[in-house]
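The values are calculated or read from the model by the stated rules, or taken from the named source; none is laboratory data. Given the structure is predicted, the values throughout are model-derived calculations rather than measurements. Reconstructed Cβ throughout: ideal geometry from the backbone, glycine too, with neighbour counts over all protein chains shown.
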Amino acid sequence: MRYVSAFFCCIAAAALLTGCTRSPGIAPFDSDGCSLFPDGTWDDRTLWCDCCFEHDIAYWRGGTEGERKRVDEALRDCVVEKTGNPQLAELMYHGVRLGGGSIFPSWYRWSYGWSYGRGNRPLTPNEERLVDGALAAYRAEARPYQCGD
């Protein structure tokens, strides 16, 4: 039990030290492509990057655990479609399933657009409006993450 308490204490401290806590509302959308995974192969360095970009939009938005599972499956399916390599797609799928949960105070966690600690709650109608507005602002800047930039 002592180790569990120490673990959660470390997570809370990391959240505070890394600035994962924000004021209410959603942060501006940002994407780094495939985060801790390559965006493509040596021959085509952005082969599946657009799959990751769409995945980032969903992870930034957040929502329920069921929604997260569906977008992780969509990432897997997109990578298979782009590469014809189901083993690579499964590796990516299991990576995001294991490391992308909302419990982790990371920049790539589920619901990363919201303050740390939001968890897997469904978005309210007001939060949906905030998401729509932030995505519209992102797209209006004409600076969406371009794979390979």
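At a glance:
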| read-out | value |
| --- | --- |
| Which listed residue, of Y108, Y93, Y138, Y112, is aromatic (F, W, Y), out of contact with any strand residue (DSSP E or B) (no Cβ under 6 Å at 6 or more places or on another chain), closer than 16 Å to F37 by Cα and touching a residue at least 40 places away in the same chain (Cβ under 8 Å) | Y108 |
| Residue within the stretch 108-126 that is at pLDDT 95 or above, over 28 Å from G40 (Cα atoms) and assigned to a helix (DSSP H, G or I) present | yes |
| The stretch 78-98, subset charged (D, E, K, R) and either surrounded by 13 or more Cβ atoms within 10 Å (Cβ to Cβ) or touching a Gly at 6+ places or on another chain (Cβ under 6 Å) (or both), residue farthest from Y59 (Cα to Cα) | K82 |
| Flag for D50 being on the phi < 0 side of the Ramachandran plot, acidic (D, E) and in contact (Cβ under 8 Å) with a residue 12 or more places away in the chain | yes |
| Criterion (surrounded by fewer than 16 Cβ atoms within 10 Å (Cβ to Cβ), among the basic types (K, R), over 24 Å from D44 (Cα atoms) and at pLDDT 95 or above) met by exactly one of R70, R61 | R70 |
| Some residue of the stretch 30-47 being at positive phi, buried (at least 18 other Cβ atoms within 10 Å of the Cβ) and either touching an Asp or Glu at 6+ places or on another chain (Cβ under 7 Å) or in a helix (DSSP H, G or I) (or both) | yes |
| When residues of the stretch 48-72 are limited to those that are in a loop (DSSP other than H, G, I, E, B) and closer than 15 Å to G113 by Cα, the one nearest to the chain's Cα centre (by Cα) | G62 |
| Y145 vs. criteria farther than 14 Å from S35 by Cα, buried (at least 17 other Cβ atoms within 10 Å of the Cβ), among the hydroxyl-bearing types (S, T, Y) and modelled with pLDDT under 95 | no |
